[in-house]
1. Restricting attention to region 528-539, does a residue exist that is open to solvent by less than 60 Å² (accessible area, probe 1.4 Å) and part of a strand (DSSP E or B)?
2. What tally of residues in region 212-225 results from selecting those that are open to solvent by 30 Å² or more (accessible area, probe 1.4 Å) and within 23 Å of K143 (Cβ to Cβ)?
3. Looking at T364, T381, T356, which one is under 24 Å from S280 (Cα atoms) and over 27 Å from the mean Cα position of the chain (by Cα)?
4. If we scan region 126-134, do we find a residue that is open to solvent by less than 10 Å² (accessible area, probe 1.4 Å) and either over 17 Å from W327 (Cβ atoms) or more than 18 Å from the chain's Cα centre (by Cα) (or both)?
5. Inside region 275-294, can you point out the residues that are in contact (Cβ under 8 Å) with a residue 60 or more places away in the chain, under 27 Å from G259 (Cα atoms) and open to solvent by 20 Å² or more (accessible area, probe 1.4 Å)?
6. Looking at (1) closer than 20 Å to L104 by Cβ; (2) at pLDDT below 95; (3) of a type in the set (K, R), which is the one condition that is false for K39?
7. When you check T626 against the structure, is it open to solvent by 60 Å² or more (accessible area, probe 1.4 Å), modelled with pLDDT of 95 or more, hydroxyl-bearing (S, T, Y) and over 15 Å from L579 (Cβ atoms), yes or no?
8. Just the residues that are charged (D, E, K, R), under 25 Å from F631 (Cβ atoms) and at pLDDT 95 or above, please, taken from region 512-557.
Amino acid sequence: ARMGLPALALLLAAGLLHTQASPSARSFQLDYERNCFLKDGAPFRYISGSIHYARVPRPAWRDRLLKMYMSGLNTVQVYVPWNYHETLPGVYDFTGNRDVEAFLDLTAELGLLVILRPGPYICAEWEMGGLPAWLLWKQPDIKLRTSNPAYLAAVDSWLHILLPKIKPRLYQQGGNIISVQVENEYGSYYACDYGYLRHLLGSFRALLGSEVLLFTTDSTGVEELRCGTLQGLYATIDFGPGSNVTEAFGAQRRVEPKGPLVNSEYYTGWLDYWGEAHASTSAAWVARGLEDMLQLGASINMQVVSWQRAQPPGEYMFHGGTNFAYWSGADYKDQYKPVTTSYDYDAPLSEAGDPTEKLFAIRTIISKFQPLPVGPMPPATPKYAYGRVALQKYADLLDVLDMLCPSGPIQSQFPLTFEALKQVHGFVVYHTQLPWDVPDPATLGAPPHSICDRGYVMLQKEYQGTLERDGQTTLQVTGRAEDTLDILLENMGRISFGANTSDFKGLLGNLSLNSRPLSNWLIYPLAIDTAVQQGWPHTALPKSSSGGRMGPAFYTGTFDTPGIAWDTFVKFPGWSKGLLWINGFNLGRYWTRRGPQQTLFVPGSVLHVGHPNNITVLELEGAPLTPVLLFLDKPLYNRTLGYST
């Protein structure tokens, strides 16, 4: 199975939580004689749940972790997404929501142990599996997750920044991190490069010391366990409800004849893709599988699921959270499959952090094997339906390029990729002119696999339609010589699993008109978030704009809260596809035409009390005749109209 950022990690080995020893005696080890973990010399099992701090607003960290603790978990599993912290080569961000040290310190304060999964690759349905996109522009032919020198140099530089922050928090150093994963489900990657794994093992040992328990995680297939394991790294497996527990652990025993049985990713739910039904997993099914493993004395990590095979396990979340902004990744299963903004995953704790029936079923099973913490489960967070908010059109996107690309366009004979432009996320406009009169419909087309990922086509600033990766790649157009042709290209998230993690974005090939290539492009890399975070367009002068509803355009509005700032959900009645910002915070993509997700989660911490909340919407295809948003007190997930729309 592959990794996901939000997960319910149940690592259960034989034994119970032991009273904490003095720092000098602290140890966390493997016992190959009794087939268990030893914590401070005593047999121990952990029941762990996955949570991704990058998908949870920092003000909610304590609430989510406390609910996990009160569920009976004694451990949490945590991914560290490299690209979330090293945003550009050598530029690091560990502030605000990216303050991983503060998150780890909070887990310790609440009495939770930690299983850390620092990558460098994490999957997690996260943009490019946590690898930075700038790796692709530094060396376009780079071989990711291998012994490629350019890749290893970047990895080493990152690990020398990250792991020194981790070392003082190791259990042996007086902290609460009991084990650290090296790479992630590497056996599912095509390269099978043992030199790469040996290099990582050496780096982790050099930076973390010889005592910390290092491990790998792979699915139960023979090939996966052959390529994903290495002497010096304890091999664990992952599988979900419905698997034959004895057979699954038999696969682990083939590579680890002795030691604790460990399911590092027990799947408690499933991920959603745009255009497919909202996934769900039976609470009874999950609880039954959990009980079977606990009866064997296994260690378990509970997570939500996603995977690349016909019968996938996958991501493993106790609490999934939200893919805010542009952080959602994608899979490639015969076609490109972008992941939804919601990372709810039908996890035991909902996207908004609310306890579910599944959580209480799991809690009941855990209570059969170890005492639960004393006290009530914290309640669901309060929600508020702020109601209907009217918006007005501010401007068509093509009319504000000077604001969104203040440095001006780049001239190029042929299109350039996002990576060539050093554009990580978001959007790029490609502008040219028709080279001749086109009185009769002509085919505007792109080579196969060259639209990455969606292109919104405007002729003379009039919206013509959309070109899509693994979908429609031609449009019929008419016009006159020198008519303007603009294509707004959207990055929907880089592939996060498999051999295709070198997922370049933009126009990867030239557009043609009746098979004749177009040339002389002006290319505008857009910095929309920078402008919105600075208050635009609410602080800008009113813009005269067409009254048309079709094509990429910005809409604005404001609303007041009635003295409270509670969590809420935004519905987009009649809207098509786009992004939403409130008070400059990018809440992610909506795609009501395709579904299944119909609402976006708005954390109360984003909202203002006492002065207006600014709404900015970028609608990409077509706004409703009356542009309004509806603020609800519950989410709407399961509505899918599919690829035909």
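The values are calculated or read from the model by the stated rules, or taken from the named source; none is laboratory data. Since this is a predicted model, take the numbers as computed values, not measurements. Neighbour counts are summed over all protein chains in view; Cβ atoms, including those assigned to glycine, are modelled from backbone coordinates with ideal geometry. For the accessible areas, the whole protein counts, side chains as well, though only heavy atoms, and no ligand, DNA or RNA atoms are used. Shrake-Rupley method; radii C 1.70, N 1.55, O 1.52, S 1.80 Å.
1. Checking region 528-539: not a single residue is open to solvent by less than 60 Å² (accessible area, probe 1.4 Å) and part of a strand (DSSP E or B).
2. Counting residues in region 212-225 that are open to solvent by 30 Å² or more (accessible area, probe 1.4 Å) and within 23 Å of K143 (Cβ to Cβ) gives 1.
3. Every option except T364 fails the conditions.
4. No, every residue in region 126-134 fails to be open to solvent by less than 10 Å² (accessible area, probe 1.4 Å) and either over 17 Å from W327 (Cβ atoms) or more than 18 Å from the chain's Cα centre (by Cα) (or both).
5. Of everything in region 275-294, just one residue is in contact (Cβ under 8 Å) with a residue 60 or more places away in the chain, under 27 Å from G259 (Cα atoms) and open to solvent by 20 Å² or more (accessible area, probe 1.4 Å), namely E291.
6. Status for K39: all satisfied but (2).
7. yes
8. D529
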